[in-house]
Amino acid sequence: MGQKIKAYTLPGRQVYCATWHDLKTKKRVTRSLGTRDQERAESICSHMMILSSSGADKDSGLALAVPEMAYELWFGEPRRDLSGGVSREEDRAKIEDLQREVVRLKEELEIERGYRERYNHLSQSVEGQRIEAAKKSPTLDGVRDAYYLEVKTLSRGGTLHRTWFKRFAAKIGGDRKISSIKPGEIHEYIVTDAAKNKGEAARGKKQRALISRFFSWCAVEHGIPNPMDQVATLRVKAEKDIQWHSLEEIEAVLAGEPDIYWRAMIAILAFAGLSAHELRGLELKDVVELKGRRFLRVTPSAERGLKTHKRRRNVAISTRLAAILDEHLATLGDGCVYLFPAIAHKTRTEIWHADTLTRHLGEHLPEGMNALSLRRTFGSLLIRSGKSAEEVSAAMGNSAAMVSAHYGRILGGEVEIDF
């Protein structure tokens, strides 16, 4: 690889000079280029670099083709006179070939200079940062406590995140460096975990959000590139239609449930249309009486997992629901705050965690029935009773357009046609 020779001027002087390692003595020397013209000075340096990179001797054709000053400075002696030899046609052709070779070597020199600059910049580039981050990357177990502290939530110390983190670390390996975790491994974990749940699409979306939050935190705290940019979104083919149940099915489930606690919970989901999130945060004071009628008051709050006030509403307590609800209320002791206080051996808090509630509720429901299908049963019962889409949306906290889209099969398929 040739020397890098650059033209420059010394303070107080206008003539350009350059510094290089002398071909004979191998020592660093500084010589005047004998010109004040910057373009000519740079041309002389460029030709000297070509001689350096090619290793040409003083009698070679390449050496004879460079400018006189470049030849003299590089070889330390004047070049022989060619005036008597260029008259012949073959000599002219040879010199033209050599000049073309000089041009080619200049182009290659420019390319080499570009690679050198890129190499020097590599340590400051994204690749360099990635390599450096990989060297300093902590393990999953190494950041566990710091991450728990970062993501504490209202679920009393971040129970949700702790549970997820333990499963993820057990699958990937707690002693693994975070920077070594590949996007493909993360995607496989999300798909496998989602397949264990009935609501596969929702489960996958939730797991992806939790993992993205973790790696985003790692990117900020430890400078580790976020692999989630390369993790494909889990796509599950949606069902063609939503699911609900007949009144007879609900009555059969209620009749077969011996525990009034779970019976009342199932009845509120099916006969009041509350979601599991709304139900878990209901308090005794939310059973209200207005103008001689009883209602369940749904009030969104961060604790209940509902952040939008569009779901704020009062749901009338029907005769069917009242009988079961009153039986349940009679079992609650003094000082009880929540309508359905969490069962002590199934959760550590007084209020149910959403996932824990739906999981244990599933133990009391037959296959194919869950909190969402019970809520949709309430909507279907209202539609069949003759309520309009606007009335159903007010009772369920959804928009009228959503009600029409979800329950279109009832609205269209059960209309009597007689003509």
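The values are calculated or read from the model by the stated rules, or taken from the named source; none is laboratory data. From a predicted model like this one, the values you see are computed outputs, not experimental measurements. Every residue, glycine among them, receives a Cβ derived from its backbone with ideal geometry; neighbour counts consider all protein chains shown.
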- request: Give region 25-34 a look and list any residue that's on the phi < 0 side of the Ramachandran plot, part of a loop (DSSP other than H, G, I, E, B) and either among the acidic types (D, E) or surrounded by 10 or more Cβ atoms within 10 Å (Cβ to Cβ) (or both), or say none.
  value: L33
query: Which residue pairs have Cβ atoms closer than 6 Å, lie 6 or more positions apart in sequence or on different chains, and pair a first residue in region 147-171 that is within 14 Å of K206 (Cα to Cα) with a second residue that is modelled with pLDDT of 75 or more?
result: W164/L210
task: Filter region 247-259 for residues that are in contact (Cβ under 8 Å) with a residue 12 or more places away in the chain and part of a loop (DSSP other than H, G, I, E, B) and give the result.
output: E257, D259
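May I ask you to list the residues in region 323-342 that are of a type in the set (A, V, I, L, M, F, W, C) and closer than 14 Å to D286 by Cα?
Step one: filter region 323-342 for residues of a type in the set (A, V, I, L, M, F, W, C), giving 323-325, 329-330, 332, 336-337, 339-340, 342.
Selection gives L325, L329, C336, V337, L339, F340.
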- prompt: Give me the pairs: first residue in region 284-295 and closer than 12 Å to L321 by Cβ, second residue surrounded by fewer than 16 Cβ atoms within 10 Å (Cβ to Cβ), beta-carbon distance under 6 Å, and six or more apart or on different chains, which are they?
  reply: F295/V288; F295/A316
field: Answer residue from region 337-350, given it is touching a strand residue (DSSP E or B) at 6+ places or on another chain (Cβ under 9 Å) and within 23 Å of R294 (Cβ to Cβ) and is surrounded by the fewest Cβ atoms within 10 Å (Cβ to Cβ) among those
entry: V337
The lone exception for K6 - which of (1) at pLDDT below 85; (2) under 58 Å from the mean Cα position of the chain (by Cα) it fails: (1)
- request: Scan region 170-184 residue by residue and report those that are in a helix (DSSP H, G or I) and crowded, with 16+ Cβ neighbours inside 10 Å.
  value: I172, I178, S179
- prompt: Has region 37-52 got any residue that is of a type in the set (S, T, N, Q), farther than 18 Å from L109 by Cβ and modelled with pLDDT of 85 or more?
  reply: yes
message: Filter region 65-96 down to the residues that are modelled with pLDDT under 80 and not in a loop (DSSP other than H, G, I, E, B) and list them by number.
response: E89, E90, D91, R92, A93, K94, I95, E96
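For every residue, the table says whether it meets (1) among the polar types (S, T, N, Q); (2) loosely packed, with under 15 Cβ neighbours inside 10 Å.
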{"position": "R311", "(1), (2)": "no, no"}
{"position": "T319", "(1), (2)": "yes, yes"}
{"position": "T331", "(1), (2)": "yes, yes"}
{"position": "G335", "(1), (2)": "no, yes"}
{"position": "A394", "(1), (2)": "no, no"}
- prompt: Of all the residues that make up region 355-369, how many are in contact (Cβ under 8 Å) with a residue 12 or more places away in the chain, surrounded by fewer than 17 Cβ atoms within 10 Å (Cβ to Cβ) and outside any helix (DSSP H, G or I)?
  reply: 2
query: Which number in (1) modelled with pLDDT of 90 or more; (2) buried (at least 19 other Cβ atoms within 10 Å of the Cβ) marks the one condition that C17 misses?
result: (2)
Out of E416, E367, sole residue that is of a type in the set (D, E) and modelled with pLDDT of 85 or more: E367
query: Among the residues of region 319-354, which ones are in contact (Cβ under 8 Å) with a residue 12 or more places away in the chain and among the polar types (S, T, N, Q)?
result: T331, T349
